[in-house]
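For reference, the structure I am asking about is given below.
The values are calculated or read from the model by the stated rules, or taken from the named source; none is laboratory data. A quick note: this is a predicted structure, and the numbers were derived from the prediction, not measured. We place every Cβ from the backbone using ideal geometry, glycine too, and count neighbours over all the protein chains shown. SASA here: full protein model, heavy atoms, side chains in, ligands and nucleic acids out. Shrake-Rupley method; radii C 1.70, N 1.55, O 1.52, S 1.80 Å.
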Amino acid sequence: MKMLQMSLLEWQNKFGSEDACIDALIKTRWPDGFVCPECSSREYSFITSRNSYQCSHCHHQTSVT
Ligand SMILES: [Zn+2]
């Protein structure tokens, strides 16, 4: 977990804001944009406290990491 936290901090330092960080993480994991692994929906919200995406359609949660 310590490595992970450093990594996220590095992302934030690199991209300057949390939103840019999240965008970068999305592009890294889903080059074509977020796709829900459960229902293939592209609608989502981001849960900052969990560092997770929640599908707006089926509410499946997917961790950034
Ligand atoms: Zn879904």
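With the condition kept exactly as written, say whether any residue in the stretch 20-28 is over 18 Å from Cys55 (Cα atoms), at pLDDT below 85, touching a helix residue (DSSP H, G or I) at 6+ places or on another chain (Cβ under 7 Å) and open to solvent by 50 Å² or more (accessible area, probe 1.4 Å).
no
I need every pair where a residue in the stretch 41-65 that is over 19 Å from Cys21 (Cα atoms) has its Cβ under 6 Å from the Cβ of a residue that is of a type in the set (A, V, I, L, M) and away from the ligand (no atom under 14 Å from the Cβ), sequence separation at least 6 or different chains.
Hits for this filter: zero, empty list.
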